[in-house]
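Chemist: Please see the structure below; I have some questions.
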Amino acid sequence: MRITLDPTCCDGFGFCAEILPELIDLDEWGYPIVGGAEIPQSLLGAARYAVRSCPRRALALTQEVALSTAPRSPAPR
Ligand code: SF4
């Protein structure tokens, strides 16, 4: 499970980073930086609370697998 952010909805007041400082940092303007790391089991409750508490519904939990950054192998001939 990971947290995702829709930056077009975020108001940048940083409430989420107060709830979940272990996973959400703020940039120099106060907007959250969501690293996309797997949420440890011990932080799942706080992560759900942060998502529910976001006043702009800018956060979500997802179970999507992160896309690989490894180069694709060439197609067979
Ligand atoms: S709580 Fe929601 S609106 Fe506020 S900074 Fe975090 S993501 Fe943005």
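Chemist: Near the amide H of GLY36, under 5 Å away, which other amide H atoms are found, from residues 5 or more places off or on another chain, if H is placed in the peptide plane?
Modeler: Residues meeting the criterion, in which the H sits 1.01 Å from N, are ILE3.
Chemist: Additional query: Given 0.36 nm per residue, what is the gain on full extension from ASP25 to ARG57 after removing their alpha carbon distance, in nm?
Modeler: Full-extension gain reported as 9.7 nm.
Chemist: Taking the Cα centre of the stretch 2-62 as origin and charging only Cβ (+1 Lys, Arg; -1 Asp, Glu), how large is the dipole, in debye to the nearest 20?
Modeler: Values: 5 positive and 8 negative charges, 75 e Å.
Value, rounded to 20: 360 debye.
Chemist: Moving to a separate point now. Students often check this: by mean Cβ neighbours within 10 Å, which of 14-21, 51-58, 33-40 ranks highest, and how do the rest follow? Write down the numbers at each step before the final one.
Modeler: Working: 14-21: 17.6, 51-58: 14.9, 33-40: 13.2.
Highest-to-lowest ranking by the protection proxy: 14-21, 51-58, 33-40.
Chemist: If the chain between CYS9 and GLN41 were fully stretched, how many nm would it gain, using 0.36 nm times the residue separation less the Cα-Cα distance? Walk me through the numbers on the way to the answer.
Modeler: Working: separation 32, 0.36 × 32 = 11.52 nm, distance 2.70 nm.
Here the answer is 8.8 nm.
Chemist: Using Stokes-Einstein with the Kirkwood hydrodynamic radius over Cα pairs, what translational diffusion coefficient do you get for the stretch 2-62 at 10 °C and a viscosity of 1.306 mPa s, in µm²/s rounded to a whole number? List each step's numbers first, then the result.
Modeler: Working: Rh = 11.2 Å.
Here the translational diffusion coefficient equals 142 µm²/s.
Since every read-out is calculated from the coordinates, none of them should be taken as a lab result. If you're wondering where the values come from, they're calculated on a predicted model, not measured in any experiment. Quick reminder, even Gly has a Cβ in these numbers, built from the backbone with ideal geometry, and neighbours come from all protein chains shown.
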